[in-house]
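I have placed the structure first, in the form of structure tokens, so that the comments after it can refer back to it.
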Amino acid sequence: MPTLHLLTGAPGAGKSTLIAHLTAYPLIAVDFDELIDPVGELLGVDVRSSSASRVWPGYNKLWVEIIALLLRGGGPVLVMCPLAPDEWRRAASAAAAAVPEAVWARLDCADADRRARLAARGWDDGRIEDAVEDAAGLRRVVGREFTTSGRSAAATATALAEWVGS
């Protein structure tokens with residue numbers, strides 16, 4: 001089975017922006033946010049909101065199942081998600097599918113960049129500060145970092161593709 005590469009990152013790090021740039025490389029790259037709207041529509045809830053926290057474990061488990069399907073192809077798989085390693089382990093242990101132990105890295109940016117990016121999305125100050133706190137927490141548990149501050153998305157994608165080994 002191929003190595004599973006998980007790239008965590010708090011909101012505003014640049015995960016969703018990287019998807020288009022990763023298509024240039026021979027790897028499968030997916031972002032947890034890619035299904036958030038269809039799943040929310042199916043469930044009748046905004047999965048992004050804190051009021052939907054009851055569905056988050058199921059959403060994470062769904063992604064474990066999807067990732068297991070992608071790994072069957074035998075090629076490199078890069079998954080971008082907002083999860084910490086302990087959250088991923090809980091989801092993986094609850095899923096029926098078996099996935100290999102993951103190799104972790106963190107997509108990050110300067111807090112000032114994160115604040116500006118999220119403000120541009122229309123986030124209020126409280127949500128922005130929650131994202132900054134999430135980023136600080138991820139910095140404590142995932143050591144390997146790829147930054148998007150002062151670096152183009154294309155350059156970050158190249159570095160990630162090299163890390164994944166494609």
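Points worth noting:
- Of all residues assigned to the stretch 155-162, none qualifies as being in contact with a strand residue (DSSP E or B) (Cβ under 7 Å, 6 or more places away or on another chain) and open to solvent by 40 Å² or more (accessible area, probe 1.4 Å).
- For the stretch 1-90, the helices (runs of 4 or more DSSP H) that sit wholly inside it and include 3 or more residues that are under 23 Å from Trp123 (Cα atoms) are 15-22, 36-43.
- Beta carbons closer than 6 Å, at least 6 apart along the sequence or on distinct chains, pair a first residue in the stretch 71-95 that is within 13 Å of Lys61 (Cα to Cα) with a second that is in a helix (DSSP H, G or I) and open to solvent by 20 Å² or more (accessible area, probe 1.4 Å) for Ala91/Asn60; Ala91/Lys61; Ala94/Lys61; Ala95/Lys61; Ala95/Glu65.
- Considered as a group, the residues in the stretch 19-34 that are surrounded by 18 or more Cβ atoms within 10 Å (Cβ to Cβ) and not hydrophobic (A, V, I, L, M, F, W, C) include one that is farthest from Ala68 (Cα to Cα), and that residue is His21.
- Within the stretch 56-109, being more than 16 Å from Val30 (Cα to Cα), of a type in the set (A, V, I, L, M) and open to solvent by 20 Å² or more (accessible area, probe 1.4 Å) holds for Ala92, Ala94, Ala96, Ala97, Ala98.
- The selection criterion, being polar (S, T, N, Q), over 19 Å from Ala91 (Cα atoms), surrounded by fewer than 20 Cβ atoms within 10 Å (Cβ to Cβ) and touching a residue at least 40 places away in the same chain (Cβ under 8 Å), does not hold for Thr3.
The values are calculated or read from the model by the stated rules, or taken from the named source; none is laboratory data. Because the structure is a prediction, the values reported are computed rather than measured. Positions of Cβ are backbone-derived with ideal geometry, glycine not excepted, and every protein chain shown enters the neighbour counts. In case anyone asks, the SASA skips ligands and DNA or RNA and just uses the protein heavy atoms, side chains included. Shrake-Rupley method; radii C 1.70, N 1.55, O 1.52, S 1.80 Å.
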